[in-house]
Amino acid sequence: MEGSSKRSFVSADPGKCTGCSACEYACALEKEWSYNPLRSRIRVARFHPLFNVAMVCRFCENAPCVTACPRNALKQHRESGLILIDERKCDGCGWCIPACDYGAITLNPEKRVVMICDLCEGDAKCVDACPEEALELVTADEAAKRTWALAVDKLLADVGELAAAVKRGELDGLLVDADGKMKRLEDKLEALFGKELELQSKASS
């Protein structure tokens, strides 16, 4: 089996992630034709207003979620490591969910079957949708070089900068930065909404 360290997966930079959910909307729209983040295969964890991170499958070698499934509904592709779901066997028991160390497995609220990232056949839509470019495809080897300590350092620096700016009464720069992030998010969401309308039009025709 190809080593898991060479498999690509979507990695989030918590130093850039704003918790905007654009990735969740893009995923749900691509995979479920739904503008509903509850149907997304990527999930944003919000630990703090300034510390957010998107969580998604890392295609572990000998994936524990596969072992945990009592109905053999999950299989792992030998080369890519992708987790394949047999929806005919999955009964939504959820045993695989706590088995995942990355919080990357969710349950479809309507179908009651689990959902796991499949990288959109190598063209992960969540990566394209992120307005802050916080997501990218990396290997485990590459991800290991980017420690969470760097993100924590940035968080502390951001908090210090915010406190100093408030103390000095110099908030204009921070507001401009926030406006820029909001504009990028609006552009991404507008594009996604346009795609949803297009899909609805195709489905009704």
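Read the figures in this text as sums done on the coordinates, not as results from a lab. Please read all numbers here as calculations on a predicted model, not as lab measurements. All Cβ positions, glycine included, derive from the backbone under ideal geometry; neighbour counts span all protein chains shown.
Report, as a whole number in µm² per second, the diffusion coefficient that Stokes-Einstein gives for segment 10-49 at 37 °C and 0.692 mPa s using the Kirkwood radius over alpha carbon pairs.
312 µm²/s
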In segment 89-137, the trypsin sites (Lys or Arg not before Pro) that sit in a DSSP loop and have at most 10 other Cβ atoms within 10 Å of their own Cβ are none
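Using r as the Cβ-Cβ distance of GLU79 and ASP187, and R0 as 35 Å, what FRET efficiency do you calculate, to the nearest 0.05?
0.45
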